[in-house]
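Quick notes on the structure that follows.
The values are calculated or read from the model by the stated rules, or taken from the named source; none is laboratory data. For clarity, every value in this text was computed on a predicted model and none was experimentally measured. With ideal geometry, Cβ positions are generated from the backbone for all residues, glycine too; neighbour counts draw on all protein chains shown. Quick note on the areas: whole protein, heavy atoms, side chains included, nothing else; ligands and nucleic acids left out. Shrake-Rupley method; radii C 1.70, N 1.55, O 1.52, S 1.80 Å.
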Amino acid sequence: MIVSSAPGRVDLFNTHQDYKGLPVVPAAVDLRTVVEGELKMGDVIKVKSINMNEEAELKVTDELKVGQWSSYVLAALKALSMHGYFIGGAELTIRSNVPVGSGLASSAALLVSVVNWFNKAYGLGLSKRDIAELAYEAEHNIMGIPCGRLDQYSSSYGGLIILEARAPYRVEELGVKDLDFIVVDSGVRHSTMNVHTVRQRELREALSMLKESIPRDHWDKLNKPLDEVDWDWLASVAKDYLSTLSEVHRKRLEFTILMNESTKRAIVELRKSKPDRKVLGEIMNEQHRLLRDLYEVSIPELEEIKKALDSNGALGSKISGAGMGGSIVALAESREEATRILDSIKGKWRGWVVSIDQGVS
């Protein structure tokens, strides 16, 4: 019997920036997805989901079926196969306490755990980076979800990390381990694909529109994929031209610039031997305002949760994930204080007290 486990995550700083090639700061948390089972003869992978109370039989050669949880498992198998790894028969059981569609990277936890299960079953010798990249390929390339690498790297590496979301995707593992969070689920389910697709289209339109006012010798800096744009240059030079854009397109670029500047301050604090939780909480509040006002991915249900958390003593809180539903993550002074805050709002929402956890194991 082989057991593989991978964590969900909260994206603390620079939400919606990984697909722009900007550094992001996620924290793996102690809500995990577990895949357990045995190798079997043949080429059929039998999968049972305890949470969904469903079973499926898969082959690497099968076509993906939109909207089915088993497609994530199949995408992981295809990613492994495309890299030349043999995938034979298996019988797997999946259980998870990472809530689906709540902004806690449930899909990444599943993909990372599945990839690692076959890594251990066949002794593939994959590193945490390899596992993260295969999980990313499965979700982004094979399933066609326009995500960045934040979720997969956070789930694979674990802990609190800084991910440079531009090749070669450098990971800085921070020593911070004693932060305590409250995660509260709005109950509103969202589609990461839909949110990301719209915002990425708006950003590409904004960069194209800048060419109407910016000097021609700068156009080559704008004719790039989002993850190759020099955002620091844009912050210092092109911001003088943002007023020429429509309100929506101006907001999307201002968000990208201000969110990144805010995250740079958070990183300075996180690199200290003992980060100040109050400073981190203030930056979380600032980033929530940017997500709400300039990226427009908040909804009334999320605002109500944030207000309840803040009024009951949270040091700071923000959207975790793509927004338009999902969860709010809040920072507390201690685990005891986090428990008290969650107890004070129980009955209306589902929530958890979580701490930083290890990566795939």
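Of all residues in the range 261-300, how many are open to solvent by 80 Å² or more (accessible area, probe 1.4 Å), within 22 Å of VAL353 (Cα to Cα) and not in a loop (DSSP other than H, G, I, E, B)?
The total comes to 2.
Give the range 140-174 a look and list any residue that's closer than 20 Å to ALA322 by Cβ, under 14 Å from the mean Cα position of the chain (by Cα) and not small (Gly, Ala, Ser), or say none.
Selection gives HIS140, ILE145, PRO146, CYS147, ARG149, LEU150, ASP151, GLN152, TYR153, ILE161, LEU163.
Return a yes/no flag: does the range 161-172 have any residue that is open to solvent by 20 Å² or more (accessible area, probe 1.4 Å), acidic (Asp, Glu) and either over 25 Å from ILE341 (Cβ atoms) or assigned to a loop (DSSP other than H, G, I, E, B) (or both).
Yes, there is a match, as at least one residue in the range 161-172 is open to solvent by 20 Å² or more (accessible area, probe 1.4 Å), acidic (Asp, Glu) and either over 25 Å from ILE341 (Cβ atoms) or assigned to a loop (DSSP other than H, G, I, E, B) (or both).
Conditions (1) part of a helix (DSSP H, G or I); (2) of a type outside the set (Lys, Arg); (3) surrounded by fewer than 22 Cβ atoms within 10 Å (Cβ to Cβ); (4) touching a helix residue (DSSP H, G or I) at 6+ places or on another chain (Cβ under 7 Å), marked per residue:
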residue: SER5; (1), (2), (3), (4): no, yes, yes, yes
residue: ARG9; (1), (2), (3), (4): no, no, no, yes
residue: ALA28; (1), (2), (3), (4): no, yes, no, yes
residue: THR33; (1), (2), (3), (4): no, yes, no, yes
residue: GLY42; (1), (2), (3), (4): no, yes, yes, no
residue: LYS46; (1), (2), (3), (4): no, no, yes, no
residue: GLU55; (1), (2), (3), (4): no, yes, yes, no
residue: ALA75; (1), (2), (3), (4): yes, yes, no, yes
residue: ILE87; (1), (2), (3), (4): no, yes, yes, yes
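If you check LYS40, LYS59, LYS78, LYS48, which single one turns out to be of a type outside the set (A, V, I, L, M), closer than 23 Å to ASN97 by Cβ and modelled with pLDDT of 95 or more?
LYS48
Scan the strands (runs of 3 or more DSSP E) fully inside the range 304-361 and keep the ones with 1 or more residues being free of Cβ contacts under 8 Å to residues at least 40 places away in the same chain and more than 27 Å from VAL34 (Cα to Cα).
Filter on the range 304-361 gives 316-320.
Looking at the range 141-153, can you tell me whether even one residue there is open to solvent by less than 20 Å² (accessible area, probe 1.4 Å), modelled with pLDDT of 95 or more, touching a strand residue (DSSP E or B) at 6+ places or on another chain (Cβ under 7 Å) and not in a strand (DSSP E or B)?
For the range 141-153, residues open to solvent by less than 20 Å² (accessible area, probe 1.4 Å), modelled with pLDDT of 95 or more, touching a strand residue (DSSP E or B) at 6+ places or on another chain (Cβ under 7 Å) and not in a strand (DSSP E or B): present.
What's the number of the only condition in (1) farther than 30 Å from LEU253 by Cβ; (2) surrounded by 18 or more Cβ atoms within 10 Å (Cβ to Cβ); (3) touching a helix residue (DSSP H, G or I) at 6+ places or on another chain (Cβ under 9 Å) that ALA105 fails to meet?
For ALA105, the failing item is (1).
So, THR197, is that one surrounded by fewer than 16 Cβ atoms within 10 Å (Cβ to Cβ) and in contact (Cβ under 8 Å) with a residue 12 or more places away in the chain or not?
Yes: the conditions hold for THR197.
Restrict the check to the range 218-228 and report whether at least one residue is open to solvent by 80 Å² or more (accessible area, probe 1.4 Å), farther than 23 Å from VAL198 by Cα and either out of contact with any strand residue (DSSP E or B) (no Cβ under 6 Å at 6 or more places or on another chain) or outside any helix (DSSP H, G or I) (or both).
yes
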